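The values are calculated or read from the model by the stated rules, or taken from the named source; none is laboratory data. These numbers come from a predicted model, not from an experiment. Here Cβ is always computed from backbone atoms with ideal geometry, including for glycine, and neighbour counts include all displayed protein chains.
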Ligand SMILES: [Zn+2]
C-alpha cells in the first residue's frame, strides 16, 4: 500500500478534513535514523501531520515543523513540500523510555514541554513563522492547540504510529477543521464523532486506510486533493560542500592535516558525504577570490 494524503470538504463547506497513511515514510525515517520505538512514534506522528499540512501548500512552497521540547528526545524537525516529499530527524533517536501508565509509548515524556514552531517558506523572500506552547508533547494535542491559537482555526488533530522492535507496522493521522461559516450544529456533530472515535493507532491496527480515517472524521467528505507522500531529502554533495567551504580556510587546512579529508553528515537523511584532502584543497579560497569578496 502506498502512502497517501487526502484533503476534503464537507458537502456544506463548513468543515475541512485531511487524512493520511504514511507507513512507508515513517519506516524509512526509522531505518535511516535508527530511531527507538518512542522516537519513531514522536518523529512519525510529526511527519504524518506535516504531510497533511503540505496539502495546503502551492507551487514551490515548503514548510518546516520544529517541536522543541525539554524532554530527552531533544528537537524534532520535519520538512515537507507541496509535492508530498517529507524528511525529518530527531536530535536523540536512541532515547528509549519505559511505557507510560496506559501501557503506551511515552511520547509525551520523551518530547517534554516547550514550543511547536511552523515555518512556511512561500518562495522568494517570504517566510512566515508561527508557534504555540506544547500541551502534552503527544503531538496530536500539540497541533490541535497550535491551529486554535496560531491559525485561529478550531481543529482536532490525531496522529498515530504502530511500531514494534522490528519496524513500523502502520502510521497516519487526520486533521479536521471548522471553517468560517460553521454553526453550533457543526461543532456538536464533530465533537460527538471525535468522542466516539478510537485512537488513530487502534484504527491503523485494524487496517484503516487514509480514506477510512477521512470518513471517520467527516462522513460526507468530498475529496478535493489526493497526493502521494514519500521520503525525499534535498541534500547533495555540492550543497554540503558549501557548508564545508563556509568553515573558512583555516578550518579546511586543519581537516586536511589532521584527518586527511572531511566527512559531513546530512541531519535530515543521515547520509554521509566524504571529501578527500584534494577536494578540500580545491575549496580553499584563492587570493583572487579574497580580493573580490573585499569589494
Ligand atoms: Zn539529506
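Here are some notes:
- Single unsatisfied condition, residue 269 versus (1) assigned to a helix (DSSP H, G or I); (2) modelled with pLDDT of 95 or more: (1)
- Boolean, residue 261 is in contact with a strand residue (DSSP E or B) (Cβ under 7 Å, 6 or more places away or on another chain) and over 30 Å from residue 19 (Cβ atoms): yes
- Filtered residues of region 100-118 (kept if at negative phi, assigned to a loop (DSSP other than H, G, I, E, B) and either crowded, with 16+ Cβ neighbours inside 10 Å or modelled with pLDDT of 95 or more (or both)): 105, 106, 113
- In region 67-78 there is no residue that is under 27 Å from residue 219 (Cβ atoms) and without any contact (Cβ under 8 Å) to a residue 40 or more places away in the chain.
- Subset of region 1-23 [within 17 Å of the chain's Cα centre (by Cα) and part of a strand (DSSP E or B)]: 4, 5, 6, 18, 19, 20, 21
- Residue satisfying all of: in region 222-245; more than 16 Å from the ligand (Cβ to nearest atom) and over 25 Å from the mean Cα position of the chain (by Cα); farthest from residue 273 (Cα to Cα) among these: 222
- Checking residue 208 against (1) modelled with pLDDT of 95 or more; (2) more than 16 Å from the ligand (Cβ to nearest atom); (3) farther than 17 Å from residue 6 by Cβ; (4) assigned to a loop (DSSP other than H, G, I, E, B), the condition it does not meet: (3)
- Hey, residue 179 within 16 Å of the ligand (Cβ to nearest atom) and over 21 Å from residue 45 (Cα atoms) or not: no
- Which listed residue is assigned by TED's automatic domain parsing to the domain that holds residue 41 and touching a residue at least 24 places away in the same chain (Cβ under 8 Å), from 121, 126, 91: 121
- Every residue from region 260-282 that is away from the ligand (no atom under 16 Å from the Cβ) and either in the same structural domain as residue 90 (by TED's automatic domain parsing) or surrounded by 18 or more Cβ atoms within 10 Å (Cβ to Cβ) (or both): 262, 280
- Taken over region 79-90, the residue count meeting the criterion of being within 16 Å of residue 31 (Cα to Cα) and touching a helix residue (DSSP H, G or I) at 6+ places or on another chain (Cβ under 7 Å) is 4.
- Scanning region 121-144 for residues that are farther than 11 Å from residue 49 by Cβ and crowded, with 18+ Cβ neighbours inside 10 Å returns 121, 132, 134, 137, 138.
- Selected residue (criterion: farthest from the ligand (Cβ to nearest atom)) from residues of region 246-259 that are exposed (fewer than 14 other Cβ atoms within 10 Å of the Cβ) and not in a helix (DSSP H, G or I): 248
- Restricting attention to region 195-217, the residues that are touching a helix residue (DSSP H, G or I) at 6+ places or on another chain (Cβ under 8 Å) and within 19 Å of residue 16 (Cα to Cα) total 6.
- Exactly one residue out of 116, 97 is in contact (Cβ under 8 Å) with a residue 40 or more places away in the chain and in contact with a strand residue (DSSP E or B) (Cβ under 6 Å, 6 or more places away or on another chain): that is 116.
- A count restricted to region 43-83 and to residues that are in a helix (DSSP H, G or I) and farther than 15 Å from residue 268 by Cα stands at 9.
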